[in-house]
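Input: a single structure, listed below in structure tokens.
Rule-based calculations on the coordinates, nothing more; no lab input. Worth saying up front: this structure is predicted, and the values here are computed from it rather than measured. Reconstructed Cβ throughout: ideal geometry from the backbone, glycine too, with neighbour counts over all protein chains shown.
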């Protein structure tokens, strides 16, 4: 009876995953449930999802790495108590998935302080693995264990727990045994998964039932006797991938874990939750077109191929939303009936040619943005701007980027009104077909600059704004460099930099490298950074090159 | 002495425009090229581009010149006489509105020279003038010698003795002291005549009609019109007049704002540059500029600039190519000058108030924009204007000192008081601090800036080379094929050639040959051609060099005629210079080398004949002129030159015959007629 009461309480809690205000509209309720706010942190629809997703602090103990490797690339529904939230698909490639697995493999923390495991449980690995038949398994359950009240198994059971027949290839056997001893050891509250076999009394595990270790052994033995072939297949695939990837490290995985903002939905031992991993959606209806957003939510495609913050690796994952769910999101973002369509009217072929040439040869836009096959991979692909953005927002973004979007890193580029309108009109009405877009592999572009603790100084500014091209150490080899027609200046090059006066560095930063007859793709920062910030940046460049400018350039000083 | 070709790198309004130097190949077109009909005039542009038209109309280009009744007249046609020693010239506006110069000679003879065209409006702040043209009976438009300068509010003339400008006084003889009386200088670029090229108007094309034996002078306008920069508009208008024009990318015209640095500069350098003419047939916008003109050859033939690029005598703005803003930056003319309004703007195209607005400079040199930290002069003083120190107005010394004719220095130099003084240039400090000596100026610069920026290494080498006689050492200072400073490279290469390259007796240094060969494969046509010439003239007695030259000659591709013209003309220049220095065997060998490249160049034949004559070989001189005449009979100066050789050998009948032949083609040639009359009296 005691056990049933506890389980009943858990069931009650699990059946109400969307514990949100009743004042929310159904659409807002969905957005809250789906936890959009976890990345789009300015949304008002707050989420409690993080309390119910798996705590990854112990992922290294818990998961079968081979399964995790597969799951990260092709996530499927495991948990049924998350309401309409779900693990989305981040479009990870094998290397990225492997990196995350390596990192998660290092996560072996338990929650809270626990006594030493019961001796029979500790001894189980020595006698196990043993198989247990279905009959043995059912006989254990029949002895008062109501696992199938919540969990399902072979089509039977409850409606809110995970499917138990998958456990054998999803999880680690030792962890399952320990978890059955004390679920709370792994961050799962007893209200969600009650302890059925042991209880802690006087800092010792005391049996709740007769022969608890045997029962646990039979349950685990049976669960791990299922799907053996599948487990083997997963392990084969995983091992092959691991052997062929020699450059994948847990550190890389950690950086990706941070970049992808996994911590937004998963508790974990190490990393803080990012607040700048995704766009501010509060003005989304004035930024993007509804038709585009609906298409995007149905099938998200990369907008910033290297992450919302350049090089972070963050990306909008695919939530596999239904049309109805997309409708809910759109409703929350307050889209109004379409205004004037930016694609109406024409831009002459000559004006297109003119704008195209200016973009390719004169302006800095393609340093960060892609157009067609040309251009960088920092910002959104401009080829798709006509389908994506509201015309007025596009114009404002070009005219005054940080006025239109305070989170943008894009600098304001001075230009005449004629040029502003030419480029805006072109981007809204060009006839270029977009090229296929894919995320930059975090494995190939391991920027992974952790700026969370960096002071807001020139180094921070350099990491945020310069590193994508110039590299974090000034080696001219940032992830975006390979997409530029000219190699970015190597700020660490002592010989070269010692021939550049401070004033020239200042001028290049202020007005863009085009004025120095270098790449026009290096934009002017003079209307974005203050003179003091640019001066500080010049000093930072001097630290990178460990040099001074030529003696003649110092006006007799130093 | 007549020669068949006048100096071809004539500059607009240049004081000296009639000395024999280089030649051009090909024959003068006999009729205005059909392409001239492709130019529609600015009014046609105004129909769609009204804003640009309005801006242009008020600009110096829009007001550059025109018919007398269509321009703003600043010169005084007030009936006040201009008194010469031997004549009185009275600029007069007649009752019918026409302008004339009424000339009364000492004899009492009177005649009027009508003004058919006006050029200039005194627009230039450093000294603006207005000039006048007369339609001559031979079909040319002739520049009249009476000019007006606005600031001094005076009529002036150019003197024959030193080509400077001088106020009109009774000490001056109209007939013997003036550089251009009777009027000789013509509009356009015809061979054998002093000319002001094709820049004082738009689409000027001078051709010679052999049937009518007179010139056709065609021009669209004496303004600098839209098509002077944008090229011919006919096709553009045709395309844009048809439905569906918005669907074609080729609108018959290029967008000049998309041009790369050198291409953009090339648009302005069509006129704002000293250039060597390569061909005689008229250049019209849309033609390949480098097929018709060379921007760098003048540095070989004339040395128009000081070693660091400052204007030596009289020039334009192509010395911008010496500036750091060009060499190490992206600066083009339109980074500061609005091409339509001629107003000023910053590097991002944003309009500025005036020509002294510091943002022209600080939109690139933002580091210098912080108050007075860099200038060390009071904020509201002229000393705090970038242009005061870095683009000072320098008097064009070729004009002399009677009038202010100064142009801002587009080499954008750093003030170097002592060095500038050595060059004979008024340094920027001096302009305001003329009461202080050089030591004071140098001390101030040292105090504020410490060591100042060193010269470009190639310029530094040029400066040092002036004192170095040793060819091995000089070689390293002057020959820099790997440099990125075309002007200085040209200067260095040219200097080396003039000093050390002679037919059959050049310095035999393998390093020199190696460097010349590197230059000969340079992508810059001028550098390439000059090096080919040097190898040809100085080293082609070596089999391996002959092989090298043969390979190069057969591999010139689409640039063949452009390179060969430069090659031949520079050999002609070198030969003519050697002739002036009385190294006649070398000169003759050089000129023969030139004719190997351009066998039909009658100008070079003329120069060769001159060299033979000077060497005493009248037989070869006559023979060469006969060959030239056979090549191009309708070249009056060849006949006149032949007549003079006959005069020297006292063969009067043949001299008379040659003059008569020449006068068939140039019946108005005053000097020929005078000589003929004299010969007939013998």
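Before moving on, here are some points about what is shown:
- Anisotropy class of chain B from Cα gyration tensor, a/c 1.5 cut: rounded
- Applying 1/(1 + (r/R0)^6) with R0 = 41 Å to the Cβ-Cβ distance of residue A:487 and residue B:414 gives a FRET efficiency near 0.85.
- The modelled label-to-label distance for the pair residue A:206/residue B:262, using points 7 Å beyond Cα in the direction of Cβ, is 9.3 nm.
- Shape category assigned to region B:340-453 from the gyration tensor of Cα positions, a/c cut at 1.5: oblate
- Helix A:250-259 vs. chain A, principal-axis angle (Cα, 0 to 90°, nearest 10): 70
- Rounded, prolate or oblate (a/c below 1.5 giving rounded, otherwise prolate when a/b exceeds b/c) for region B:347-396 by Cα gyration tensor: oblate
- Length released on extending from residue B:102 to residue B:67, taking residue separation times 0.36 nm less the Cα-Cα span: 10.7 nm
- Label-to-label distance, nm, for residues given as residue B:379 and residue A:246 (7 Å Cα→Cβ offset): 6.5
- Pair-distance distribution of chain A: all C-alpha pairs, bin width 20 Å, starting at 0; shares per bin in whole percent are 19, 45, 27, 10, 0.
- MRE, 222 nm, helices only [DSSP H, n ≥ 4, -39500 (n - 2.57), over chain B, to nearest 500]: -10500 deg cm²/dmol
- The mean sequence separation of alpha-carbon pairs under 8 Å and at least six residues apart, normalised by the residue count of region B:574-682, gives a relative contact order of 17 percent.
- Ordering A:362, A:156 by the number of other Cβ atoms within 10 Å of each residue's own Cβ, fewest first, gives A:156, A:362.
- Between the helical axis of A:323-332 and the longest alpha-carbon principal axis of chain A there is an angle of about 60 degrees.
- Using the empirical formula 2.2 N^0.38 Å as the baseline, the Cα radius of gyration of the protein assembly as shown reaches a ratio of 1.28.
- Inter-centroid distance (Cα atoms) of region A:252-301 relative to region A:206-238, Å: 36
- Length-normalised contact order for chain A - Cα pairs under 8 Å, 6+ apart - percent: 14
- The Cα trace of region B:444-538 gives Rg and Dmax of 15.0, 54 Å, the first to one decimal, the second as a whole number.
- Ranked B:533, B:487, criterion: other C-beta atoms within 10 Å, fewest first: B:487, B:533
- Average beta carbon contacts from partner chains per residue of B:357-369, 10 Å cutoff: 5
- Simple spin-label estimate for residue B:353 and residue A:51 in nanometres, 7 Å along Cα-Cβ: 6.5
- Each of A:292, B:181 has some number of other Cβ atoms within 10 Å of its Cβ, and from fewest to most they run A:292, B:181.
- Against the main long axis of the alpha-carbon atoms of chain A, helix A:417-429 sits at an angle near 40°.
- Evaluated over region A:89-155, the Cα radius of gyration and Dmax, each in Å: 18.3, 46
- Taking each DSSP H run with n ≥ 4 as -39500 (n - 2.57) and averaging over every residue of chain A yields -11500 deg cm²/dmol at 222 nm.
- Span from the region A:51-92 Cα centroid across to the region A:490-558 one, whole angstrom: 47
- A quarter of the convex hull surface defined by the alpha-carbon atoms of region B:597-682 gives 5.2 nm² as the mean projection.
- Relative contact order, percent, region B:192-269 [alpha-carbon distance under 8 Å, six or more residues apart]: 21
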